[in-house]
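Visitor: Structure in structure tokens, see below.
The values are calculated or read from the model by the stated rules, or taken from the named source; none is laboratory data. Keep in mind the model is a prediction, meaning the values are calculated, not measured. Using ideal geometry, Cβ is built from the backbone for each residue, glycine included, and neighbour counts are taken over all protein chains shown. Surface areas here come from the heavy atoms of the whole protein model, side chains and all, with no ligands, DNA or RNA. Shrake-Rupley method; radii C 1.70, N 1.55, O 1.52, S 1.80 Å.
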Amino acid sequence: MYKRFLMVFLSLIIAVVAALLVARYPTGPNTISYDEPIGLWLSIGMIIVLFLPPLILSLLRNRVASIISAVYQAFVVISFLGMIPVGLLFPEHAVVSVVALVGAIVTISSVVLAVKTNSNKEMKY
């Protein structure tokens, strides 16, 4: 139970770090930057709010909750994978691609851990 929570929490930390790195080098007027701290804080707050469901579901020992958490985290993996091309398009964002790759790997391992944790237990009616 705590392993799942720590993996989801680590994914949250990596997502916040990625947002801070993206804010370091804004690519246009509609992106987050350190020049507009309210937008940056709103982005970080939104990331935290979006990670609350998998954090709460990771504390439950129910098979259905684990599957829902795994599906939810699959969307987080897609988001991390979508950030990887940013580093390929903009040379100064190479660090963002590395952080996104690490985030994708951690989140994929969290999904596997969420699915595998309850797979060997029998269902009780």
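Visitor: List the extent of the Cα atoms of the chain along each of their three principal axes, largest first, rounded to whole Å.
Guide: Sorted from largest, the Cα extents of the chain read 56, 28, 19 Å.
Visitor: Give me the percent of accessible area attributable to carbon and sulfur for the chain, probe 1.4 angstrom.
Guide: That share works out to 75 percent.
Visitor: Starting from the Cα gyration tensor of the stretch 26-82, take the square roots of the eigenvalues, sort them a ≥ b ≥ c, and report rounded, prolate or oblate (rounded when a/c is under 1.5, otherwise prolate if a/b is larger than b/c, else oblate). Display every interim value, and only then the final one.
Guide: Working: a/c = 5.81, a/b = 2.27, b/c = 2.57.
It is oblate, given that a/c is not under 1.5 and a/b is not larger than b/c.
Visitor: If you roll a 1.4 Å probe over the heavy atoms of the protein chains, what accessible area per residue do you get for the chain, in Å²?
Guide: Per residue, the chain has an accessible area of 64 Å².
Visitor: R0 = 22 Å: FRET efficiency of Glu92 with Ile44, Cβ-based, nearest 0.05? Spell out each step's value before the answer.
Guide: Working: r = 21 Å, r/R0 = 0.96.
Efficiency, from the Cβ-Cβ distance: 0.55.
Visitor: Further, regarding this structure: If I take R0 = 35 Å and measure r between the Cβ atoms of Lys3 and Thr27 in this structure, what FRET efficiency does the formula 1/(1 + (r/R0)^6) give, to the nearest 0.05?
Guide: Values: r = 37 Å, r/R0 = 1.05.
Approximately 0.45, to the nearest 0.05.
Visitor: Continuing with this model, one more query. For Ser109 and Arg63 in one chain, what is 0.36 nm times their gap in residues minus the Cα-Cα distance, to one decimal in nm? Walk me through the numbers before you get to the answer.
Guide: Values: separation 46, 0.36 × 46 = 16.56 nm, distance 1.74 nm.
Going from the current span to full extension adds 14.8 nm.
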